[in-house]
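Enquirer: Following this message is one structure expressed as structure tokens.
The values are calculated or read from the model by the stated rules, or taken from the named source; none is laboratory data. Predicted model, so just to flag it, every value in this text is computed and none were measured. Cβ atoms come from the backbone with ideal geometry, glycine included; neighbour counts cover every protein chain shown.
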Amino acid sequence: MSAGRHKPRLAVWKFASCDGCQLSLLECEPDLLTLAETLEIAFFPEVSGRPIRGRYDLSVVEGSISTPEDAERIRAVRRRSRHLVTLGACATAGGIQALRNFADIREFTAAVYAQPAYIRTLATSTPIAAHVPVDFELRGCPVNPRQLREVLSALLAGRRPAVPAHSLCIECKSLGRTCVLVAGRRPCLGPVTQAGCGAICPGCNRGCYGCFGPQETPNTTALSAALATLGLDRRSRLRLYRSFTAGAEAFRVESERHEE
């Protein structure tokens, strides 16, 4: 990534989200100090109130598109950015707020707000890639700081980030974890979920919740059949797929297959 004689400019943007992925970026503090020697942090409201306007070599985006204003703003961000990377479940799959996609948004706003007529929102919560071209999607809720460092370093060096696309099961096996699905007979989305979290939940003897979204080739039909043998009824299987990454295509389709 070249920016002539000037340092490449980094911008960090927030849309509908909890700020968790931005905090993961801040957890990279020692590396940020190193990165600051090679790039200019031009826009990052979480840490600085003095933004540098203009164009950016790399924009990092957290959050989903949930309002008409969001949709307009992400197009403006894309026009001003040479490269754009999305961070986390909200930006890559619509986030937990994508549960609205399966219901009537008018019922939600009427239940929550005293004057719903004043609320301007979209009927759906969608990932950034549904609105503008994205150069790389980094999964997680929140993202893995180590993977985030790899993505930033790779894009600055002009290479493809080395982020695994295999399932969490491979990560579990490499760590010597006992399978909670087969041995523990607990519901687990590990076989269809992308690795990257360090298999935290199976390490605590809990099933994976799928917060890194579907892996590259998820066989959700086979997993659902296995979950049924554990005694999970249709509604329980549906709810398992509708969590952090309910809007991800593979999980959305499988959950809809369980609707009555």
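Enquirer: Looking at (1) crowded, with 16+ Cβ neighbours inside 10 Å; (2) within 20 Å of residue 101 (Cα to Cα), which one does residue 197 not meet, given that it meets all the others?
Expert: With (1) crowded, with 16+ Cβ neighbours inside 10 Å; (2) within 20 Å of residue 101 (Cα to Cα) applied to residue 197, the lone miss is (2).
Enquirer: Mind listing whichever residues of the range 118-131 are under 30 Å from residue 249 (Cα atoms) and either outside any loop (DSSP other than H, G, I, E, B) or not assigned by TED's automatic domain parsing to the domain that holds residue 96 (or both)?
Expert: Answer for the range 118-131, where residues must be under 30 Å from residue 249 (Cα atoms) and either outside any loop (DSSP other than H, G, I, E, B) or not assigned by TED's automatic domain parsing to the domain that holds residue 96 (or both): 126, 128, 129, 130.
Enquirer: Another question, then. Out of 195, 130, 183, 157, report the one residue that is closer than 30 Å to residue 41 by Cα, among the small types (Gly, Ala, Ser) and without any contact (Cβ under 8 Å) to a residue 60 or more places away in the chain.
Expert: From the options 195, 130, 183, 157, the qualifying one is 195.
Enquirer: Just the residues that are of a type in the set (Phe, Trp, Tyr) and in contact with a strand residue (DSSP E or B) (Cβ under 8 Å, 6 or more places away or on another chain), please, taken from the range 175-232.
Expert: Within the range 175-232, 212 is the sole residue that qualifies.
Enquirer: Separate question: What's the total number of residues in the range 200-256 that are surrounded by fewer than 18 Cβ atoms within 10 Å (Cβ to Cβ), more than 26 Å from residue 148 (Cα to Cα) and of a type outside the set (D, E, K, R)?
Expert: Count: 13.
Enquirer: When you go through 149, 242 one by one, which is the residue that is assigned by TED's automatic domain parsing to the domain that holds residue 84 and of a type in the set (Lys, Arg)?
Expert: Answer to the selection: 149.
Enquirer: Restricting the first residue to the range 100-123 and requiring it to be touching a residue at least 12 places away in the same chain (Cβ under 8 Å) and at negative phi, which pairs with a second residue that is exposed (fewer than 12 other Cβ atoms within 10 Å of the Cβ) and among the acidic types (Asp, Glu) meet a Cβ separation below 9 Å and a spacing of at least six or different chains?
Expert: That search, which allows pairs on different chains as well, returns 102/259; 123/104.
Enquirer: Kindly evaluate residue 12 against the criterion of being closer than 25 Å to residue 66 by Cα, β-branched (Val, Ile, Thr) and at pLDDT 90 or above.
Expert: Numbers: closer than 25 Å to residue 66 by Cα: yes; β-branched (Val, Ile, Thr): yes; at pLDDT 90 or above: yes.
Yes: the conditions hold for residue 12.
Enquirer: Of all residues in the range 45-57, how many are of a type in the set (A, V, I, L, M) and either buried (at least 24 other Cβ atoms within 10 Å of the Cβ) or within 16 Å of residue 15 (Cβ to Cβ) (or both)?
Expert: Residues meeting the conditions: 0.
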